[in-house]
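Notes for the one structure printed next.
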Amino acid sequence: MANLLIVFHDPSENVRRLAQAVVDGASSPEISGVDVRVARALEAGPNDLLWSDGVIFGTTENFGYMSGALKDFFDRSYYPCLDKVDAKPYALFVKAGNDGTGTISAVQRILTGLKLKPVCEPLLMVGSFQEAWLAQCEELGMTMAAGLEAGIF
């Protein structure tokens, strides 16, 4: 059984819907060999990251950066997890109001320091909410869970 952590910040109903779509994809009945743990960024901590075999991070773009809640998670988890999570796979989804590049860069910089490995390009959703994003988020969750179940990641 593989362990997948989904940690995110969802300050609005639309972002909550995106995060739920990721969870729904990861929890698909077609995938039986993955235990999914869902945690909001302010509630998650280093033990969750250490427990996981893979992680999906989700954040909003705040002033061209990641959300303060996700940054807080990294602040509390970075040193306790340093050199203990090397090569764990991760994926990232970002809901941005501008272009999202600063957010993605900041998250990737921290995850590079932790030596986590991306399994795909970040899922970047810019501008006003679009229903099509829900399917993309669900696919992201399912892809990560299926990859962990199959031992690909």
Check cross-link reach from K88 to the aspartates and glutamates: straight Cα distance under 16 Å, and skip same-chain residues fewer than eight apart. D35, D48, D53, E121, E149
Label-reachable residues, the range 26-70, where backbone N falls under 18 Å from a point 7 Å from D83's Cα toward its Cβ: 50
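Where both partners of a DSSP beta bridge lie in the chain, what percent of those bridges are antiparallel, to the nearest 5? It would help to have the intermediate numbers written out before the result.
Numbers: 2 of 26 bridges.
Expressed as a percentage, antiparallel bridges in the chain total about 10.
Using r as the Cβ-Cβ distance of D75 and E30, and R0 as 41 Å, what FRET efficiency do you calculate, to the nearest 0.05?
Working: r = 36 Å, r/R0 = 0.88.
Calculated transfer efficiency: 0.70.
Filter the trypsin sites (Lys or Arg not before Pro) in the range 11-94 down to the DSSP loop ones having no more than 14 other Cβ atoms within 10 Å, then list what survives.
Numbers: sites: R16, R17, R37, R40, K71, R76, K84; in loops: K84.
Passing both the DSSP loop test and the Cβ count: K84.
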Show which lysines lie in cross-link reach of K84 when reach means a straight Cα distance below 24 angstrom and same-chain residues fewer than eight apart are skipped. K71, K115, K117
If you take the beta carbon distance between K115 and S12 as r and set R0 to 35 Å, what does 1/(1 + (r/R0)^6) give as a FRET efficiency, to the nearest 0.05? 0.65
So what are the three principal axis dimensions of the range 2-150 from its Cα atoms, in whole Å, longest to shortest? 36, 36, 25
Residues in the range 22-53 reached by a label modelled at Q130 [backbone nitrogen below 18 Å; 7 Å Cα→Cβ]: 22
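Looking at the chain, identify the longest residue range that excludes and avoids all GluC sites (Glu not before Pro) in DSSP loops having at most 13 other Cβ atoms within 10 Å. Spell out each step's value before the answer.
Values: sites that count: E30, E43, E131.
The segment 44-130 is the longest one with no such site.
FYI, it's all coordinate maths here, none of it is from the lab. Keep in mind the model is a prediction, meaning the values are calculated, not measured. Note that each Cβ is placed from the backbone with ideal geometry, even for glycine, and that neighbours are counted across all protein chains shown.
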